[in-house]
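What follows is a single structure, written as structure tokens, with notes after it.
The values are calculated or read from the model by the stated rules, or taken from the named source; none is laboratory data. On a predicted model such as this, the values are computed, not experimentally measured, just so you know. Glycine gets a Cβ as well: all are built from the backbone with ideal geometry, and neighbour counts include every protein chain shown. Accessible surface is based on the protein model in full, side chains and every heavy atom, while ligands, DNA and RNA are left aside. Shrake-Rupley method; radii C 1.70, N 1.55, O 1.52, S 1.80 Å.
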Amino acid sequence: MPTETLPLNTFRRALYAGQQQIGMWCAIPSPFTIEMLAGAGYDWLLVDTEHTPADLPQIYAELQAAAAGKAHPVVRVPWNDSVAIKRFLDAGAQSLLIPMVQTAEEARQAVAATRYPPHGIRGFAGGTRATRFGRIADYHQQAHEEICVLVQIETAAALDELEAICAVEGIDGVFIGPGDLTASLGHLGGQGEPEMVELIEKTLRRIVAAGNRPGILTPDPALARRYIAAGSLFTSVAIDFHLLTRSAETLAAEFAAK
Ligand SMILES: O=C(O)C(=O)C[C@H](O)[C@@H](O)CO
């Protein structure tokens, strides 16, 4: 019996309205920290499955935890894979970050994985968490209107195709992966090098000029401000384990030194 309505994707709407979205990168695979951070004042939380042990049951719990807070959860899938995308959408994720997209064709495949036929190839399921267990009227007809597809640009090849990727219908945002991009350009670990920072700023401007919405991650506040000035619209300014580890180390060192 349909009794619920499709949740609005406030994050996607904010991007199209040009409103800066400040995010926290969540790599600690824990609903407990997600619940904690979802109420901390960020607009969005990136829930990572590419470089963390979080798997599907963990993501269900993390999405449930995020639902109690204000920050919008964006799930990074492990790869541009239609099966992974389907399973995270069924879990109720409405915004996905898809790593290592290098061509317009790969971007089109990512979008197709989020759409039901005839617009895509997403597999049909009735009683998922995304459909509120069948309680959302017309979920399958409406779901794509509230799904946000964000692709990651992180190789030299992707830079060559940037404008074509930005032009793909259904790509709601284009996120620069600074670590992989600089590695691909021969500067492994060099995200903070002046030359790489300038290239990232130029790439953010290219995304804006191409009519899309750029995003990036940096735990360096000065760089975050530069990237926002260059056009970044969804900007992750911290990483959860980084905050915990560095402040724990600083405190330990302070007392050890006495
Ligand atoms: O290339 C990058 O940088 C990213 O994609 C982000 C990293 O994967 C993330 O783990 C932060 O270190």
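Points to keep in mind about this one:
- Of all accessible heavy-atom area on the chain, the percent that carbon and sulfur account for (1.4 Å): 57
- Fully extending the segment from Ile121 to Ala137 would add 3.7 nm, taking 0.36 nm per residue of separation and subtracting the current Cα-Cα distance.
- Expressed in Å, the radius of gyration and Dmax of the Cα atoms of region 123-258 are 19.5, 64.
- With Cα atoms defining each centre, region 43-105 and region 196-258 are spaced 20 Å apart in the structure.
- Farthest towards the positive end of the charge dipole of the chain, among the residues Val47, Pro2, Gly177, is the Cα of Pro2, using unit charges on the Cβ of Lys, Arg, Asp and Glu.
- Put a plus charge on the Cβ of each Lys and Arg, a minus charge on the Cβ of each Asp and Glu, and nothing anywhere else: the dipole of region 1-126 about its Cα centre is then about 360 debye.
- Lys/Arg +1, Asp/Glu -1 at C-beta; region 10-256 dipole; positive extreme among Phe234, Ala110, Gly134: Gly134
- Once the 1.4 Å probe is applied to the protein heavy atoms, the chain comes out at 46 Å² accessible per residue.
- Karplus-derived 3J(HN,Hα), 6.51/-1.76/1.60, for each residue of region 133-147, Hz, glycine and proline x: 6, x, 8, 8, 5, 6, 3, 5, 7, 9, 3, 4, 5, 10, 9
- Computed from the Cα positions only, the extents of the chain along the three principal axes stand at 64, 45, 30 Å, in decreasing order.
- Backbone amide hydrogens, once placed in the peptide plane, bring Ile98 within less than 5 Å of Leu150, Val151, Gln152, excluding anything fewer than 5 places away on its chain.
- Accessible area, probe 1.4 Å, largest first, for residues Tyr227, Tyr42: Tyr42, Tyr227
- For region 10-256, size of Cβ-based charge dipole, Lys and Arg +1, Asp and Glu -1, in debye: 800
- For GluC sites (Glu not before Pro), the sites in region 143-226 that DSSP calls loop and that have at most 14 other Cβ atoms within 10 Å are Glu169.
- Asp180 accessible area, 1.4 Å probe, all protein chains in place, Å² to nearest 10: 60
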